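The values are calculated or read from the model by the stated rules, or taken from the named source; none is laboratory data. This structure is a prediction, so every number in the text was calculated from the model and none was measured. Here Cβ is always computed from backbone atoms with ideal geometry, including for glycine, and neighbour counts include all displayed protein chains. Protein only, heavy atoms only, side chains kept; ligands, DNA and RNA dropped before computing areas. Shrake-Rupley method; radii C 1.70, N 1.55, O 1.52, S 1.80 Å.
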Amino acid sequence: MELVGSPLTATYAHPRSTPTKFLPAISAMASSYKNRVPYYPLPQSFSLPWMPRAYYKTAAINPTLAPFSKSSQGLTPSKMLPFVSNRTTLFTRYTPDDWYRSNLTNYKESETSRHNAERLRVDTSRMIQDKYQQTKRTQVESTKNLGERVNDIEFWKSELCRELDEMIGETNALTDVKKRLERALAETEAPLQVTQECLLHREKRMGIDLVHDDVEKQLFTEVDVIRSCQERMQRYLDKAKAQLTSNRAAQHELERDLANKQAAHRIDDKCHHLRNTSDGISYYRGVERVDATISVPESWAKFTDDNILLSQSERVASAKLRDNIENLLVVTANEMWHQFNGVNVAFTNRIAETADAKSKIQTHLAKTLQEIFQVEMNIEAIRKAIRDKGPPLKVAQTRLDERTRRPNVELCRDTAQLRLVSEVHEIDETIQSLQQRLRDAEDTLQMLVRAKSVLEHDLAVKANSLFIDQEKCMGMRKTFPSTARLVGYV
């Protein structure tokens, strides 16, 4: 038995001798032996494997009369005797042994031909059955391989669908976290603006209150904290955008691979369900020589497995980034709230200090005003006392002047004269001392007035500082975002 597709030659047949022309030619056979089916040329792979290399040519014989002798072989038919009745002893005759031998030879050749034909028919039937079974087994094996291929494609399709669903879910989750991060980053602008406005408002403080106090230090620290949080948020926002790009790229590869798997599954499933009686089957000459494959089962499975592994690695990186963003939002919110509370505490303490200083200034100003009033009253009393010393001085000086007009010896330095002189000196000294005290009182009054001016200015400064810290700054800081807004939920 030879391989499928190769012609089978009968090795048991005897070598063919020169045809004896015993049987008529094939072309002379009856028309019932001719093939009524239209002839369709088939490629070599579809040719019948049992067809021999050449038809068996049936022997044919055309009997002729033997010449009478060797000398008559060269004569033309016109010179030969045309009528049997004219035969003489010159004609060569067959012997009975020749006749019997000829018959036996013909019988033997016929029996041999029939035996060979029978063997050929049996072998042909057996070969047809074997080839039918072999073709059936081959088709069953091909169908089984197609079924296994369909199962493999279904397995990888399910893996791709599962990974694609998980990747889509992870991408959506990362998108939500990115939006929260963007909202949280936008929410930090308002506290930063409030802090900067507080610093600008505090620049409007006057005089000694323009001090680099703890409030200003905390405000500068708050600006640094908010900007640091913004930088970290922006950095993670850029990472989230890059990770989303990677996720979408991996998702695109999964979707493209899944679309190819679906198309391949549809084609292989159609091939798997094709039967010999199916519609749409036809000959495609030379298709077995076309090799359009670009992969082998190992590289085919590795391609999908690499896509899944890439998607899984991107999902792990995306999940880790989401956790980092969640932690960043919580940490930044806590840092900003902690610093916000620290600034508020510093403001509260500073406001309390300023209010206390203002209260003390007001107390001192009240006392100063009271003292100014007392000094002014004292000055007025001194002036009145000086005015009151004028008449007694006038009386004493008038008395002395009148006594200078006493005649002659009457100009006596008596006790009255001495006392009047002493009285004038005493009143004059008294007036001088009162005038000195008046000058001292006036100087004291000027000092009190300056102190009052200083206290009033300081009071205005403290009132301005208190208004800036308590009304403007603390009024704005009441609008600091809540924790929910700082982590991006609102």
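Label separation (Tyr94 vs Thr404): 22.1 nm, computed from points 7 Å beyond Cα along the C-beta direction. Modelled spin labels at Ile208 and Val316, positioned 7 Å past Cα toward Cβ, are 6.7 nm from each other.
The modelled label-to-label distance for the pair Arg162/Gln196, using points 7 Å beyond Cα in the direction of Cβ, is 5.3 nm. Note on region 356-472: with neighbouring protein chains present and a 1.4 Å probe, carbon and sulfur make up 54 percent of its accessible heavy-atom surface. Answer rounded, prolate or oblate for region 156-252, using the Cα gyration tensor with square roots of eigenvalues a ≥ b ≥ c: rounded when a/c is under 1.5, else prolate when a/b is larger than b/c, else oblate. Judged from the Cα gyration tensor, region 156-252 comes out prolate (a/c at least 1.5, a/b above b/c). Taking a straight line from the alpha carbon of Lys108, these lysines sit under 21 Å away, with near neighbours fewer than eight places off in the same chain left out: Lys21, Lys57. Averaging 1/r across all pairs of distinct Cα atoms in region 108-169 and inverting the result yields a Kirkwood radius of 16.1 Å. The ellipsoid equivalent to the alpha-carbon distribution of region 250-409 has semi-axes of 125, 15, 13 angstrom, derived from the gyration tensor eigenvalues as √(5λ) and listed largest first.
Please name whichever of Val122, Trp99, Gln133 sits farthest to the positive end of the charge dipole of region 91-144, dipole taken about the Cα centre and charges placed at Cβ: Lys and Arg +1, Asp and Glu -1. Going by the charge dipole, the pick is Gln133. Distance between the C-alpha centres of region 398-451 and region 138-213: 101 Å, rounded to the whole angstrom.
The dipole here belongs to region 220-341: it is taken about the Cα centre, uses +1 on the Cβ of Lys and Arg and -1 on the Cβ of Asp and Glu, and is about 280 debye.
The alpha carbons of region 247-327 occupy a box of 66, 24, 16 Å along the principal axes, longest dimension given first. The fraction of accessible area contributed by carbon and sulfur in region 165-229 is 55 percent, rounded to a whole number (1.4 Å probe; ligands and nucleic acids excluded). Using the structure shown, select from Lys136/Lys261; Lys144/Lys261; Lys217/Lys239; Lys204/Lys358; Lys179/Lys472; Lys179/Lys320 the pairs with a Cα to Cα distance greater than 24 angstrom. With Cα atoms farther than 24 Å apart: Lys136/Lys261; Lys217/Lys239; Lys179/Lys472.
Can you give the FRET efficiency to the nearest 0.05 for Ile281 and Ala173, using r as the Cβ-Cβ distance and R₀ = 45 Å? For Ile281 and Ala173, the calculated efficiency is 0.35. As a ratio to 2.2 N^0.38 Å, the alpha-carbon radius of gyration for region 356-472 is 1.91.
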